[in-house]
Amino acid sequence: MSAELMEILDENIVYLATSTTEGKPNVVPIGLAHATNDEELLIVDVLFNKTRKNLEENPEVAISFTDMKRLQSYQLKGRAEIFKSGEIYEKTLDIMKEKAERQRESLEEITDPEVSKRARKISEMHKRLKPKAAVLIKVEEIYSHIPESKERE
Ligand SMILES: Cc1cc2nc3c(=O)[nH]c(=O)nc-3n(C[C@H](O)[C@H](O)[C@H](O)COP(=O)(O)O)c2cc1C
């Protein structure tokens, strides 16, 4: 992953696709994703249900995300590993706590009172929830969703 791609991952909501062994797909938004190096990223399981079951039976995943400021859009494919305790779990919790705190600070910028109320409610709920696992994804393939521009002849 390039440095820019790692930043884009960090700053945006990403969509994580998993599937059962029979191939039934499931896709969910993820707010807390973080690339630890150019080959690996971490996500945290706080609310996973079908996603978790799928990850346990089939580690093959895809992640899709778009950055509207940079006009970049990517799909990553890789293999996921679940950590319920230990060094990687603890490290993920620290990274995600810091990231969630930064996201809370950005709530100050919301001007619509209804949206601000909703955002605070979600943020408070997240503070109370205990992460169930860290998920380490080893990235194997990277695709840009933006087609190469072709000059007209
Ligand atoms: C904006 C947004 C961000 C989310 N981020 C996370 C996250 O980082 N971790 C998590 O466990 N769930 C997160 N969720 C919840 C999951 O998207 C999803 O609802 C959950 O995995 C249950 O769906 P499933 O049964 O298909 O797994 C988020 C939801 C939204 C709307």
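Miscellaneous remarks
- Selection from segment 72-87 of residues that are surrounded by fewer than 18 Cβ atoms within 10 Å (Cβ to Cβ) and within 14 Å of Ala133 (Cα to Cα): Glu81, Ile82, Phe83, Lys84, Ser85, Gly86, Glu87
- Single condition Lys121 does not satisfy, out of (1) free of Cβ contacts under 8 Å to residues at least 60 places away in the same chain; (2) exposed (fewer than 11 other Cβ atoms within 10 Å of the Cβ); (3) more than 16 Å from the ligand (Cβ to nearest atom): (3)
- Total residues in segment 5-58, condition near the ligand (Cβ under 10 Å from one of its atoms), in contact with a helix residue (DSSP H, G or I) (Cβ under 6 Å, 6 or more places away or on another chain) and in a loop (DSSP other than H, G, I, E, B): 1
- Some residue of segment 91-107 being surrounded by fewer than 13 Cβ atoms within 10 Å (Cβ to Cβ), closer than 21 Å to Glu140 by Cα, without any contact (Cβ under 8 Å) to a residue 40 or more places away in the chain and more than 14 Å from the ligand (Cβ to nearest atom): no
- Any hit, segment 57-71, residues being free of Cβ contacts under 8 Å to residues at least 40 places away in the same chain and either farther than 21 Å from Met6 by Cα or surrounded by 13 or more Cβ atoms within 10 Å (Cβ to Cβ) (or both): yes
Coordinate-derived values only; no laboratory data. Worth saying up front: this structure is predicted, and the values here are computed from it rather than measured. Methodologically, a virtual Cβ is constructed for each residue, glycine included, from the backbone with ideal geometry; neighbour enumeration extends over all protein chains shown.
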